[in-house]
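The values are calculated or read from the model by the stated rules, or taken from the named source; none is laboratory data. What you are looking at is a predicted structure, and each value in this text was computed from that prediction instead of being measured. Methodologically, a virtual Cβ is constructed for each residue, glycine included, from the backbone with ideal geometry; neighbour enumeration extends over all protein chains shown.
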Amino acid sequence: MQNKSNNPFLKVSTPAKRQETAFFWLFRIATYIIIAAAGYIFFDIAYKGVGVIFQLKAPFVNVPFLTEWPETLDIFKLPANQDMKMEVSQYARMTYENPKVNFVEKGTLEMVIFKSPEGVMKKVLPEQKEAFDADPISHGWSVLSERAVMQVFQLKEVSEIKIGNTLYRSLVDDNEGVPPLEHKTQVYAAGGIYPAIVGTVLLVVGSMIIALTLGVLCATYLSEYSRSGPIINFIRLSIMNLAGVPSIVFGMWGYAMFVLLFGWNVSLMAGWFTLAFMVLPIVITGSEESLRAVPQGFREGSLALGASKWQTIYKNVLPYALPGILTSSIMGIARIAGETAAIMFTASFVVRDELPWQVKHAGEFFFNGVMALPYHIFVVSARVPQNVYTEKSSMARHSSSWSSF
Amino acid sequence: MPETLEIKRLDQRPMTESLLSKNKVKFLGLGSDEIIKYFFSGSAWTAIIVLALITFSLFREGAGFFPQHHDSLKLYRLAGLEFVDYFRDQMTAQASLSRYLNELKLNKTLKLQAAGKGEAEIESLLAPLEQLRLDFDQAGLEGQALLDEMTSMAAGIKDRYTISEENRISRKQLIDAGMKEEADLLEIEDIDFAKEAENLKTTFLPKQKEVSATMAAKMKSLLAATKVENTIYEAEVNRFKATVSKYITGFDSVQMKMQDWTHDKPVPFYESITKFITGTKWVTQSFWQDWYGIVPLFIGSLTVSIVALIVAVPLGVGAAIYINQVASIQEQNFVKPFIEFVAVIPSVVLGFFGIAVLGEGIRVFTQWDMMAWVPGFPIAERLNIITAGLLLALMAVPSIFTFSEDALNNVPKAYKEASFSLGANRLQTISRIMVPASLSGIISAILLGFGRVIGETMVVLLVAGNRLEIPDFSAGLMVIFQPVHTMTGLVAQEIPEVVKGSLQYRALFVLAIALFLISLLINYVAQIFVRKYKISVG
């Protein structure tokens, strides 16, 4: 058996080696600090948001959150042992949203709904129908429904109820004389983010179409046609500089040029163009890389067979580069979907009551602003620093940036 | 017969469709391939055109700022606001002295409370101090009343001028539109600034002199009457006394300034530029005078960015070295996509995280008992430079990491191998060979990270605290716990509420121009670094 110290393969601890290990640990720690910080943010948002998006009961996804408009949340208390009535569907919604409150159902009740020419509704008991009809107040009112089924219910004890503003208003209207106690509201804490999702999707699709068209054309020129020279260098320099321009400057430019100078107002069009030009450098760089990745032999073979330059590009280069171009443009999609500064004065509204396509003329679709997720998060977090909803919308935002991967 | 048909097609095809046919359709003397080529080359110019359009539109909106700013400064002098502000400075200084006394009292109360003294005892101990503060405030009351009088008079002159100017414009519009009668109905008052200024001076100069004299006399007697020997606040009050004596001697120079003030002293045009670049106040939509000084915003942007870089550079560069030189393949495959993923976290989500979690977390951290020894802790503001800086660091890390890693990758393999063959270990190779060889790339990576940080909007708008003041650097390192406002944040905050074409609107565009130029400059310098110091293999 050899003496240990004579073993040439034995690890010997020298000062230099210890120093090396120490420094490598420093670098390792730096790396994992980044990972821990970003990981904590992902975890925090996912942990708080997952309970909002998903649920344990079928259909396992919080459908109202994804399909409704943002609303004010009303928080109030109702007195116990007091007959209340509400339309059956609304009652179902209220019990669904307040699973911990002890509701006691007292049967159903049929009522007559009157509707005024202005659209105001009034529910009357069948025996009061004649009297109401004869009342001069109801002049011009028509009967909307003879038998509207109402649910009558009581609360076992005084308990806190949280519902959206529409439900709350109809509850108050239907139960005159039973005032809710301790009424509080939270802005944007109820309802969902459907219009914001729709707006973001529209913004992304439109601006990516513009950016991909221009970007692929530009990249094709740079990689297939151009020879290096001062003009090409200048073009490359501008592309790099364009990539470094802050998004708020793009926003100001879009505001000055599209919104004011072209008179498009705050609109989808203005947002499309602003975002498209903002993301253009990313698309060009990515597309050029994937075009360059197509082997030179493909081009040479095609040219040798007598195809023209355009035929070569069209048949033998672009199809092979296309998957790469699309993959690299995902980076651009992620950038656009999360961009706030560039759309806050060019494309986004705080609230819009209709969907973008619910318009009278096609032109209004293009020249109207939309709601967008990132701007919605901004509005919510700037106005109400800490409430439940900020977590909700942030989670939705995040799941959308996840889904773009 | 099908076979002959096939043969015929084969030999016809190249002739008609593509090859070398001389009789191709030509348009403006260009063949189809050339047209396609020019079409492509045209779209390659998009980037240049967009840059040119950005420059053009920003300058188009922003260029009007300096003439308008000049007009505003001229009116400031003409209408006598400047005259009033000389006296206002005097009164503001008095108010801040009074505030000092107030803070002193608060400070001492807290200290005494901490020492376990009862309320009545504290009150009796601090009674002379409180009396001093009350008397000192009393001494300034007359001056304050006079100042209010002066303010309303000067503001009146300014308002009358503004209204008459508006009327002049609408009258011209009416005349242009051919509505002569309506135009005649508009009364236009010609303001005689000379007379108004004379009036202002003759009314208020003697009054100001008298008020200042009584103020000085009151303060002097007050200082003489205040005896604070052998109290816990002796040193501070003595310092206060010295400051007040100096303050009183300054009255004469204020009077001189007011005496020498003339409304028609010309305002040189360069002042509209220098006041913008060196101005320390950003006040908008005020009834008195709007000030547009970029300094607090620039300092805000800069401090936040520097804090972010101080955090991000060691992390980003360290991670790049680790991943490129030390880490195993599996580790690389995990870390690289992860950090690239960090780059696409939307900034508004980070800002929201800052408001909801990080800001509160930092404040709670400073409230811990074990942190109480740090001077300045616990902090007052939840949203401050450090909160914004930390989040921005997370945004800068991916760019610094990616570009530094590229730079390390580009170092020729032979360098590393030569170093190893000479017996250097890995750390020596990294510190003596790899990092120096890729230094230009690392520096440009840092610059690009800086560019990303200084142009970031949503995080600073939500998290930096938005206080329009220069942070108090006398607090030393604790300055990072103060709120600031930034150029980007201010633009995003004020654009929705400005009137198109107003002075404020144009000022915001000048800010945007400044941001645009800063980002171009950073990019340019980064590229110079890459190009000039690129190592050549040979």
Within the bounds of segment B:310-324, is there any residue that is surrounded by fewer than 18 Cβ atoms within 10 Å (Cβ to Cβ), part of a loop (DSSP other than H, G, I, E, B) and not β-branched (Val, Ile, Thr)?
no
Pick from segment A:344-375 the residues that are among the small types (Gly, Ala, Ser) and more than 17 Å from residue B:492 (Cα to Cα): which of them is farthest from the other protein chains (Cβ to nearest Cβ)?
A:362
Working carefully through the options A:250, A:234, find the one that is assigned to a helix (DSSP H, G or I) and modelled with pLDDT under 90.
A:234
Identity of the residue in segment A:242-275, surrounded by fewer than 20 Cβ atoms within 10 Å (Cβ to Cβ) and over 24 Å from the mean Cα position of the chain (by Cα), that ends up farthest from residue A:356 (Cα to Cα)
A:243
Name the residues in segment B:42-83 that are part of a helix (DSSP H, G or I), free of Cβ contacts under 8 Å to residues at least 40 places away in the same chain and not β-branched (Val, Ile, Thr), would you?
B:42, B:43, B:44, B:47, B:51, B:52, B:53, B:56, B:57, B:60, B:71
Hand me the list of helices (runs of 4 or more DSSP H) wholly inside segment A:318-399 holding 3 or more residues that are modelled with pLDDT under 80.
A:373-383
Among the residues of segment A:7-55, write down those that are under 23 Å from residue B:312 (Cα atoms) and polar (S, T, N, Q).
A:21, A:31
Against the condition in contact with a Pro (Cβ under 6 Å, 6 or more places away or on another chain) and either more than 12 Å from chain A (Cβ to nearest Cβ) or hydrophobic (A, V, I, L, M, F, W, C) (or both), how does residue B:321 come out, does it pass?
no
Checked pairs for segment B:145-160, first assigned to a helix (DSSP H, G or I), second of a type in the set (Gly, Ala, Ser), C-beta under 8 Å and 6 or more apart or across chains, list as B:153/B:80; B:154/B:79; B:154/B:80; B:157/B:79; B:157/B:80; B:158/B:79
Could you list, in sequence order, the residues of segment A:289-336 that are among the hydrophobic types (A, V, I, L, M, F, W, C), within 12 Å of chain B (Cβ to nearest Cβ) and closer than 26 Å to residue A:201 by Cα?
A:330, A:331, A:333, A:334, A:336
Kindly establish whether residue B:221 is without any contact (Cβ under 8 Å) to a residue 40 or more places away in the chain, within 27 Å of residue B:88 (Cα to Cα), over 38 Å from the mean Cα position of the chain (by Cα) and in a helix (DSSP H, G or I).
yes
Which of the residues spanning segment B:60-103 are within 23 Å of the chain's Cα centre (by Cα) and closer than 21 Å to residue B:293 by Cβ?
B:61, B:62, B:63, B:64, B:65, B:66, B:67, B:68, B:69, B:70, B:72, B:73
For the list (1) in a helix (DSSP H, G or I); (2) of a type outside the set (A, V, I, L, M, F, W, C); (3) free of Cβ contacts under 8 Å to residues at least 60 places away in the same chain, I need the number of the one condition that residue B:440 fails.
(3)
Output for segment A:322-363, where each listed residue is among the charged types (D, E, K, R), closer than 17 Å to residue A:196 by Cβ and touching a residue at least 12 places away in the same chain (Cβ under 8 Å):
A:339, A:352, A:353
Which numbered condition residue A:275 fails, given (1) more than 12 Å from chain B (Cβ to nearest Cβ); (2) farther than 23 Å from residue B:344 by Cβ; (3) of a type in the set (A, V, I, L, M, F, W, C):
(2)
Can you give me the number of residues within segment B:174-214 that are of a type in the set (Lys, Arg) and not in a helix (DSSP H, G or I)?
0
Of residues in segment A:227-240 being surrounded by fewer than 19 Cβ atoms within 10 Å (Cβ to Cβ) and of a type in the set (S, T, N, Q), the one farthest from the other protein chains (Cβ to nearest Cβ):
A:228
Within segment A:288-314, work out how many residues are assigned to a helix (DSSP H, G or I) and of a type in the set (Val, Ile, Thr).
2
Subset of segment A:78-89 (residues that are closer than 19 Å to residue A:185 by Cα and either touching an Asp or Glu at 6+ places or on another chain (Cβ under 8 Å) or surrounded by fewer than 18 Cβ atoms within 10 Å (Cβ to Cβ) (or both)):
A:79
The listed residue being at pLDDT 85 or above and either surrounded by 13 or more Cβ atoms within 10 Å (Cβ to Cβ) or assigned by TED's automatic domain parsing to the domain that holds residue A:186 (or both), out of A:41, A:53, A:45, A:75:
A:41
Being surrounded by 13 or more Cβ atoms within 10 Å (Cβ to Cβ), out of contact with any strand residue (DSSP E or B) (no Cβ under 6 Å at 6 or more places or on another chain), assigned by TED's automatic domain parsing to the domain that holds residue B:87 and modelled with pLDDT of 80 or more is true for just one of B:253, B:221, B:212. Which residue is that?
B:212
Matching residues, segment B:341-364, being among the hydrophobic types (A, V, I, L, M, F, W, C), assigned to a helix (DSSP H, G or I), in contact (Cβ under 8 Å) with a residue 12 or more places away in the chain and more than 8 Å from chain A (Cβ to nearest Cβ):
B:358, B:362
Can you tell me which residues in segment B:227-284 are under 27 Å from residue B:102 (Cα atoms) and of a type in the set (Ser, Thr, Tyr)?
B:231, B:233, B:243, B:245, B:247, B:249, B:280
